[in-house]
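I have placed the structure first, in the form of structure tokens, so that the comments after it can refer back to it.
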Amino acid sequence: MAQKEATVYILDLGRSMGEKRNGRNKTNLDWAMEYIWDKITTTVATGRKTALMGVVGFRTDETDVKGVIEEDEAEGFENIRVLVSLKQFLMPDIRTLQEQIKPSSTDSGDALSALAIAIQMIDAATTGKAGPLKYDRRIIMVTDGHGTLDVHDAAEISNKIKQDNIEVTVLGVDFDDPEYGFKEEDKDPQKQETEANLKGFTEDCDGRFGTLAEALSQLGIPRMKSTRPVPSYKGTLTLGNAADYDATLTIDVERYPCTSIAKPPNASSFVVRTDLGGGVGASTQSSATVAGGDYGADGQLAAVRNQRVYQVDNLDEPGTKKNVEIDELERGFEYGRTAVHISESDANIVNIETQPSLDLIGFVQEEKFERFLPMEKANYIIPQKANNQAQLALSSFIHALYESECYAVARLVTKENKPPFIVLLVPKIEPDYEALIDVELPFAEDMRRYKFPSLDKRLTISGKVITEHRDLPNEMLVKAMSDYVDAMDLTEFGRDEDGEPTEYMKFEDTYSPLLHRINHIIRWRATNNIYDKLPDPPQILTKYSAPPSDLIAQAQKQLAALKEASDVKKVPPKQKGRGKRTLRDREKPLSGLDVDALLGNPKRVKVDPGNLIPSFKQALAATDDLEAIQTAADDMGKSIRTYISSSVGESGYGRALEAIRVLREEITELEEPEIYNNFIRELKRDILDGKLKGDRREMWWKIRGSKYGLIDQKRSFASEVSEEEAAEFYKTS
């Protein structure tokens, strides 16, 4: 994979890009820029100087192609502007580009002419004296297709694209895509023609053509970072002492990383720049400042620089210290509260002089190896490249381990005078490659052994074994727990494309929320000056943060049996004070005075969203005032709406449904059905109108299926809703 890349983004800035279509609350241009900004900020975050980007706009009010096309050749390139020349993007470039991305007042400007400009920009930046350089060349065009398209030179442009090996991607606003399942109704004939011409051109130059909606839907999926593998060991895999004996096995191998921990970017510390000219002594600020005017009081920040100073007691002046250089110090180690000094000559005696090697020291049966022992990350061991003898020898060794169901144990030294460590070698055989996977094994000092009481028996002081005890699970509890674990099995809870059962939470579909959420916020913040809120996390990062609601609903029977078998009881709230007092005494304030009663105010208990249902019941039990009951019901309704609107998929629908059930039952018992009926009418309207952050119709079907609609006269005599009206309520319209 080439480490250098050159990407030019072609943006349609025509008048029609300022319109809002198909029910969107943002313009076509703003919608398209969500994709472009994500691609640009992702590249900027890498900080690679070899990742060049440029931006070209067409259907612009002005024409500016200087530096790309000579003035006498500029005919035919009207209403095209080079917004940013091909270079490494930095934060100031993003700010500058944001100011230029605005819809124009014209529809003139040819997309293929802008494509020709982009090809010329890439050709000039990626061609050296000896010919084309090794670059990944890409052109990404975003348009709504409402402009005209001059296809007279399409064949020549397509040939140039294939000749230069440029990858072309055309994304259209509301373009038809049968595979994605989108088709715009009542499409303008001009747009339909332009869309067909762009599609034919893209297919002719072996590019990619699609609708912008599909590209935006994939932005939430984290992109994996491809890194060039760097060998950590190049040497021999040896069985036996090759220095003293001839009958040894020696294979030339190389070691590459298999897995590695991806860490989020570190935060940097900055201070506001001050006048350093009059200062004396070492500065705590570096001369490198952050470019741009959006940082600091005056847009001038300085990076914080750390300075380390070593001091010792000054024997000439008791009570003072003097600075010394690190070269004048010798190493020491803490032993408790004592510093133990070790001279360099003594340290050389205990250091092990090692040479790079990978020596086999034993074998272990596969079934006898404990899976909790591996440490650190895994690595691949493959034969030396272009060495057929090593490939054959290592393949024979891998197959021998695989067929005998054994693992190998080896001593590895990666570099000269590096401390050795023990690794486990596991055979890996795939249709297209064979390798050994090594993982580090712990030494005795790395092991931590802890003792825990047995779960199936107890020993008395006299040595008697007790198998039945209040702290030991009985057979009924063990069976109930086993049934509940089986009911919550995710192995085949998911569905594949054909609707067949499959694993719900596949390894390749799970991502690190910490890493990708921080990167998501950084990219968003680079193009937004909003300080008081953050964007919602992508659904893919929160999808597996809670068990599926359908699975929880299916396991309710097993959960109830588990609660009964384990004798789960609600812990009463902790009471203030000490001593034995009656419940009546505990409910009184410590002062003996009921302040609310003295002031004529009813008792009110605040409904806590974190403990919703219990606190709601407590709020109803603490008052007989209708206004207080209405307030508690309103708080309950707000929490139910929060469950629904913040639900990722259907993860929060189960909690919302349970809260609706409790609200309905409690209000019915208080004979105030109108409070609930008003709530459920408004909730239905908000769900069907899409006011709860998206399409939540699935929640309405759950309410309908649970029969949590209006409280009619049959259920409560105080209701004014007839049975016919309650049945009519369940209809969607």
Being among the hydroxyl-bearing types (Ser, Thr, Tyr), under 14 Å from LEU425 (Cα atoms) and surrounded by fewer than 18 Cβ atoms within 10 Å (Cβ to Cβ) is the filter here; which residues of the range 237-257 pass it? TYR256
In this structure, is ILE422 under 18 Å from ASP359 (Cβ atoms) and surrounded by 11 or more Cβ atoms within 10 Å (Cβ to Cβ)? yes
State whether one or more residues within the range 220-229 are among the aliphatic types (A, V, I, L, M) and modelled with pLDDT of 90 or more. no
Going through the range 698-727 in order, the residues found to be of a type in the set (A, V, I, L, M, F, W, C), in a loop (DSSP other than H, G, I, E, B) and crowded, with 19+ Cβ neighbours inside 10 Å are LEU710, ILE711, VAL721
Subset of the range 72-121, residues closer than 21 Å to ASP30 by Cβ, of a type outside the set (D, E, K, R) and part of a strand (DSSP E or B), comes to LEU83, VAL84
Can you pull out every residue in the range 13-41 that is under 16 Å from ALA213 (Cα atoms), among the charged types (D, E, K, R) and in contact (Cβ under 8 Å) with a residue 24 or more places away in the chain? ARG21, GLU34, ASP38, LYS39
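If you go through the range 248-269 one residue at a time, do you hit one that is assigned to a helix (DSSP H, G or I), over 30 Å from ALA155 (Cβ atoms) and small (Gly, Ala, Ser)?
Checked the range 248-269: no residue is assigned to a helix (DSSP H, G or I), over 30 Å from ALA155 (Cβ atoms) and small (Gly, Ala, Ser).
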Going through the range 107-134 one residue at a time, which ones are surrounded by fewer than 21 Cβ atoms within 10 Å (Cβ to Cβ), over 17 Å from LEU198 (Cβ atoms) and not basic (Lys, Arg)? SER108, GLN120, ASP123, ALA124, ALA125, THR126, THR127, GLY128, ALA130, GLY131, PRO132, LEU133
Considering (1) crowded, with 19+ Cβ neighbours inside 10 Å; (2) at positive phi, say which one ASP206 fails and leave the rest. (1)
In the range 609-641, which residues are free of Cβ contacts under 8 Å to residues at least 12 places away in the same chain and polar (S, T, N, Q)? ASN611, SER615
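Among the residues of the range 641-657, is any among the aromatic types (Phe, Trp, Tyr) and surrounded by 20 or more Cβ atoms within 10 Å (Cβ to Cβ)?
Yes, that holds for at least one residue.
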Being under 30 Å from PHE397 (Cβ atoms) and of a type in the set (Val, Ile, Thr) is the filter; apply it to the range 429-464 and report the residue that is farthest from the chain's Cα centre (by Cα). ILE429
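The values are calculated or read from the model by the stated rules, or taken from the named source; none is laboratory data. Here the structure is a predicted model, which is why all the values come from computation and not from measurement. Positions of Cβ are backbone-derived with ideal geometry, glycine not excepted, and every protein chain shown enters the neighbour counts.
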